[in-house]
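For reference, the structure discussed in these notes is given below.
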Amino acid sequence: ARGPGPRAAFPNVVVHLRDEIAEGTLAQSGELLGELARIPLWSLLILSLGFVSLLAANVRAMAGELRTLHAVGMTRAQMGRFLFAQALILCAVAALLSLLLGLTVGWGFTGWTLAWMPFGGLPTVLVLPWPRLLEGFGLLLAATLAVTPLPICLLIRALLRR
């Protein structure tokens with residue numbers, strides 16, 4: 001049986017030396033890296049909240065057209081579906097543009113790293129983590145589905161009151 005580990009004794013201080021591999025602290029650092037990798041997913045959540053302000057600006061810009069459409073027979077539910085479809089299109093376009101921008105910036109910095117590192121730098125293989133990308137898009141879509149319906153209802157109600 002293994003004891004608590006070697007001890008070093010100093011006057012009034014006892015230091016316990018630990019075996020990090022046996023305790024699994026090195027494995028815990030891998031979990032920390034996994035959590036840090038999820039930070040961009042939280043930024044997608046914040047991006048989905050920005051959709052509400054874009055929808056509000058769009059409703060203000062299209063106020064006259066929407067009132068005219070309502071006057072000729074467009075229902076509130078149809079307006080809501082119209083604005084909700086715009087939010088979903090915005091969600092898809094934002095995800096695609098962020099992917100393209102991220103690939104461009106990441107590939108550019110990989111090339112820059114290759115040029116400056118004495119040992120040859122990072123490998124030049126482009127690897128896309130499809131499961132992470134799909135997880136991020138799913139989170140963005142879920143956040144958009146959760147965040148936009150109430151503001152759309154409020155925007156339509158405020159628009160038709162005027």
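The table below gives the values:
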| item | result |
| --- | --- |
| Pair list, Cβ < 8 Å and 6+ apart or interchain, from region 77-93 residues that are within 14 Å of residue 66 (Cβ to Cβ) to residues that are open to solvent by 60 Å² or more (accessible area, probe 1.4 Å) | 79/69; 79/70; 80/153 |
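Condition check ((1) at pLDDT 85 or above; (2) exposed (fewer than 11 other Cβ atoms within 10 Å of the Cβ)) across all residues:
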| position | (1), (2) |
| --- | --- |
| 45 | no, no |
| 53 | no, yes |
| 79 | yes, no |
| 105 | no, yes |
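The values are calculated or read from the model by the stated rules, or taken from the named source; none is laboratory data. Nothing here was measured: the structure is a model prediction, and the numbers come from that model. Counting neighbours? That spans all protein chains shown, and the Cβs are built from the backbone with ideal geometry, glycine included. Quick note on the areas: whole protein, heavy atoms, side chains included, nothing else; ligands and nucleic acids left out. Shrake-Rupley method; radii C 1.70, N 1.55, O 1.52, S 1.80 Å.
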